[in-house]
Amino acid sequence: MSGLLKSTAVFSSLTLISRILGFVRDMVFANLFGAGAATDAFFVAFKIPNFLRRLFAEGAFSQAFVPVLSEYKSLRSQAEVRLLVASVSGTLGSVLLLLTLLAVLGAYPLVTLFAPGFVLDADDGKYALTAQMLRITFPYLLFISLTALSAGILNSYGKFAVPAVTPVWLNLSLIGAAFWLSPHFEPSVVALAWGVFIAGVVQLLFQFPSLMRLGLLPRPRWGWRDEGVRRIMRLMLPAIFGSSVAQINLLFDTIIASFLVSGSVTWLYYSDRLVEFPLGVFGIALATVILPSLSQRHAEADPRSFSRTLDWALRWVLLIGVPAMLGLLLLAGPVLATLFQYGEFAAADVRMATLSLMAYSLGLLGFMLVKVLAPGFFARQDTRTPVRFAVYSLIANMLLNLLFVVPMALAGIPGPHAGLALATGLAAFVNAGLLFRRLRHDGVYRAEPGWGGFALRVVTANTLMALFLWWGRGPLADWFALDAAGRALQLAGLVGAAVAIYFAALLVLGIRPRQLLGKME
């Protein structure tokens with residue numbers, strides 16, 4: 001497992017750089033553009049191609065493509081691998097190009113579908129502005145999907161660094177657009193849409209040198225009838241839904257939030273961004289690294305190693321996911337105030353975003369578990385089983401939305417958007433529970449010895465850490481009274497002390513560095 005841990009550490013470290021830049025990007029957004037109708041319009045215009053990216057590119061496509069490519073790599077010649085890459089890139093690119101043209105022409109109907117509440121508030125210009133920016137941002141789907149294809153190739157060959165650092169270019173592009181392009185547009189937020197477009201092109205080109213060194217730079221050809229392409233398509237169809245249920249749930253959140261007060265979409269965006277930080281740095285990184293390994297174990301007919309890899313990943317999710325969840329829950333307000341409460345982003349916006357961040361954080365462990373458990377199916381080229389569970393999870397999310405949001409909105413209770421976040425988090429646990437139960441039932445996953453003691457130690461360490469954070473955070477109003485430097489220093493001190501308490505407690509309780517490095521028996 002040490003090789004997997006090393007790859008995960010590399011991927012996580014480079015992803016951390018991107019996520020930190022992402023926070024800088026969001027701080028710039030909050031400072032320059034605030035929270036209102038214009039930012040709501042941009043976030044929806046960006047969310048539509050970004051949602052489809054996660055659904056098709058990073059979700060269904062990657063989960064279907066990597067196992068097939070791993071099988072070709074293990075059992076077939078290099079020439080057959082190159083032919084598969086060429087056929088997949090040509091077919092995927094052609095389909096996405098057509099989809100992009102249709103979306104640009106049908107921008108208004110797309111906005112109506114994804115944010116119907118904007119139509120009712122058309123007088124404030126939000127509906128037309130969203131459609132205008134969607135025409136600019138939608139081609140990002142084409143570029144980033146081909147980037148995901150390139151990343152899948154590199155990950156299959158153990159080259160995790162370039163794919164992990166690639167998202168940095170999105171953040172740099174958006175930061176540059178906010179500072180240097182926005183003065184040339186009216187409204188200024190349109191510059192961010194062009195930043196998204198530029199980022200898509202740059203991220204794709206950034207992959208090319210690494211692919212050339214592998215001799216696998218795609219030379220696209222139409223390959224609809226190619227055997228490998230057809231297998232990937234068959235795997236993708238159910239995986240489109242099964243691997244991206246969290247994104248579909250977030251889409252429902254956006255649709256409902258579009259009917260709420262202006263600023264709701266933006267508050268949810270910033271909350272989601274903070275939850276995405278630990279999820280991306282660790283959860284997605286871990287899932288990305290284990291998928292090629294699990295696919296290879298399946299191709300080699302080694303179920304014992306397959307199960308041990310899943311067990312190793314689940315222990316790491318518990319080890320990192322629980323303290324991340326508690327940290328976000330207890331420090332939601334201080335983190336939002338420290339990062340975003342400047343310029344146009346007011347204290348009231350911090351309070352509203354705090355409600356949704358606390359709700360989202362409760363589902364963080366569920367999100368992480370889904371990311372790690374789903375590869376246990378996809379690596380075995382089983383994309384149908386998770387669909388059934390995703391349907392149950394989606395139904396649960398919709399019912400919980402009605403239970404949490406509608407009564408609050410009708411009664412005029414502040415913060416109904418937080419109900420959307422809570423419903424999404426709880427639905428993630430439903431999905432994770434069903435995935436775990438099926439893997440156990442089918443004998444695909446068998447728990448290694450020592451889980452009881454390991455879980456007890458982790459829970460005890462987290463309890464000590466949570467008590468410290470509860471005591472040390474203080475009232476949110478005290479954070480508003482501090483300047484930027486004071487907030488940053490106080491937050492850094494709290495987080496640093498909490499991390500030290502947590503890992504010191506683990507050490508005292510008997511979880512040794514040797515175990516953390518991949519031998520957690």
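No lab work stands behind these numbers, since they all come straight from the coordinates. Owing to the predicted nature of the structure, the values given are computational and were not obtained by experimental measurement. Using ideal geometry, Cβ is built from the backbone for each residue, glycine included, and neighbour counts are taken over all protein chains shown.
Shape verdict for region 450-521, please, from the Cα gyration tensor: rounded (a/c under 1.5), prolate (a/b greater than b/c) or oblate.
Verdict is prolate for region 450-521.
Non-local lysine pairs in the chain, meaning eight or more places apart or on different chains, with alpha-carbon distances under 26 Å, amount to 11. Charges were assigned to the Cβ only: +1 to each Lys and Arg, -1 to each Asp and Glu. The resulting dipole of region 450-521 about its Cα centre is roughly 300 debye.
Residue-wise HN-Hα couplings along region 198-203, as the Karplus relation 6.51 cos²θ - 1.76 cosθ + 1.60 with θ = phi - 60° gives them from phi, are 4, 4, x, 5, 5, 5 Hz; Gly and Pro carry x. Report the Cα centroid-to-centroid distance between region 433-509 and region 307-358 in angstrom, as an integer. With region 433-509 and region 307-358 each reduced to a Cα centre, they are spaced 11 Å.
What shape does the chain take by its C-alpha gyration tensor, where a ≥ b ≥ c are the square roots of the eigenvalues and a/c under 1.5 counts as rounded, a/b above b/c as prolate, and the rest as oblate? Oblate shape, in that a/c is at least 1.5 and b/c is the bigger or equal ratio. Only helices enter the 222 nm calculation for the chain: every DSSP H run of n ≥ 4 contributes -39,500 (n - 2.57), and dividing by all residues gives -25500 deg cm²/dmol, rounded to 500.
The calculated FRET efficiency for the pair Arg230 and Leu507, based on their C-beta separation and a Förster distance of 45 Å, comes to about 0.30.
Think of the chain as having a plus end and a minus end, set by charges on the Cβ of Lys, Arg, Asp and Glu; of Leu467, Asn50, Ala64, Ala64 sits farthest toward the positive end of this dipole. What the phi angles of region 305-322 give under the Karplus curve with 6.51, -1.76 and 1.60, with θ = phi - 60°, is a coupling list of 5, 4, 5, 5, 5, 4, 4, 4, 5, 5, 5, 5, 4, 5, 5, 9, x, 5 Hz, glycine and proline written as x. Across region 224-233, rounded Karplus estimates of 3J(HN,Hα) from the backbone phi angles (6.51 cos²θ - 1.76 cosθ + 1.60, θ = phi - 60°) give 4, 8, 4, 4, x, 4, 5, 5, 4, 5 Hz, Gly and Pro being marked x.
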